[in-house]
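Encoded as structure tokens, the structure appears first; notes follow it.
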Amino acid sequence: MENFNDTQNEERPKMNPFISVWLHPKQTARYMINEKSIGFAILIMSIGYIGSIMSGLTDSEFFTELSPWLLALLCVIFAPIAGIIGTAISALITWLFGKLFKGTGTYSDLFKGLSLTAVPFIVLIPFYLIWLITSPESLLDPNFMGSLPWIFWPAILASIVVTIWSFVISVGVVAEAHQITNWMAFFTIFIPGIILFILFFVLFFIILVGAIGVGMM
């Protein structure tokens, strides 16, 4: 019996999540859930969120006075924190709403699996690092009126592709973790997104009406 288990472990295919997730998100999610630790998931997020934070620097005028190299260093430092918080929230939401479709995944399964959605953002690191170093004003200043650098369009196109593919991976991860169909996984992600949008819209409307009312007094 022990020999049989040893054989099973030996035959289990090894995967590189950084590569396999691009074409096989479900298989990679299952590999992450069964074979990898929370620490490895945090490692993935720590690298991927560097690209995510860098792309978020666009039109961030608050950072125009900082050195580009300092900004790059801050992105590296805060990437693990942002990754853990963002993935923890995403895992909680998809874990709870997945129960609506009788999903069977645990919170740990979803946390480890959803860390894979950060992998595509690694591609953005060289694009935005080059942009940040060569033309920080055009990246950070929303009122920039000069000519755009050559890296502008490649960075924007890469951001669009990466964002779409990260969402595709998230659907595959939720489907695999919860053992539900892709459509059920899509709505597991889509429904809370719509609810949050409505809540923020209502909150914004209430604040706006209140501000107008105060202004008229």
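Between a first residue in the stretch 183-200 that is among the polar types (S, T, N, Q) and a second residue that is part of a helix (DSSP H, G or I) and open to solvent by 90 Å² or more (accessible area, probe 1.4 Å), which pairs have beta carbons less than 8 Å apart while being 6 or more apart in sequence or on different chains?
These pairs meet every condition: T188/L100.
Restricting to the stretch 134-158, name every residue that is among the hydrophobic types (A, V, I, L, M, F, W, C), at pLDDT 90 or above and farther than 22 Å from S67 by Cβ.
W150, W153, I156, L157, A158
Could we say that P126 is within 21 Å of L70 (Cα to Cα) and either modelled with pLDDT of 95 or more or open to solvent by less than 20 Å² (accessible area, probe 1.4 Å) (or both) here?
Against the criterion (within 21 Å of L70 (Cα to Cα) and either modelled with pLDDT of 95 or more or open to solvent by less than 20 Å² (accessible area, probe 1.4 Å) (or both)), P126 qualifies.
Looking at V173, V202, V161, V168, which is the one that is surrounded by 18 or more Cβ atoms within 10 Å (Cβ to Cβ) and farther than 23 Å from W69 by Cβ?
Going through V173, V202, V161, V168 in turn, the sole match is V173.
Which residue, of P120, P126, P80, is without any contact (Cβ under 8 Å) to a residue 12 or more places away in the chain, part of a helix (DSSP H, G or I) and under 19 Å from the mean Cα position of the chain (by Cα)?
Every option except P126 fails the conditions.
Here's a check for you: in the stretch 8-63, which residue that is among the hydroxyl-bearing types (S, T, Y) and in contact with a Lys or Arg (Cβ under 9 Å, 6 or more places away or on another chain) is surrounded by the most Cβ atoms within 10 Å (Cβ to Cβ)?
Checking each candidate, the answer is Y31.
If K99 satisfies every condition in (1) in a helix (DSSP H, G or I); (2) open to solvent by 70 Å² or more (accessible area, probe 1.4 Å); (3) in contact (Cβ under 8 Å) with a residue 12 or more places away in the chain but one, which is the exception?
(3)
Only one of (1) surrounded by fewer than 21 Cβ atoms within 10 Å (Cβ to Cβ); (2) over 18 Å from the mean Cα position of the chain (by Cα); (3) not basic (K, R) fails for L140. Which number is that?
Evaluating L140 over (1) surrounded by fewer than 21 Cβ atoms within 10 Å (Cβ to Cβ); (2) over 18 Å from the mean Cα position of the chain (by Cα); (3) not basic (K, R) leaves (1) as the failure.
Answer yes if at least one residue in the stretch 50-64 is assigned to a helix (DSSP H, G or I), polar (S, T, N, Q) and in contact (Cβ under 8 Å) with a residue 24 or more places away in the chain, and no otherwise.
yes
The values are calculated or read from the model by the stated rules, or taken from the named source; none is laboratory data. For clarity, every value in this text was computed on a predicted model and none was experimentally measured. Cβ coordinates were reconstructed from backbone atoms using ideal geometry, including for glycine residues, and neighbour counts include every protein chain displayed. Just the protein is used for accessible areas: all its heavy atoms, side chains included, with ligands, DNA and RNA removed. Shrake-Rupley method; radii C 1.70, N 1.55, O 1.52, S 1.80 Å.
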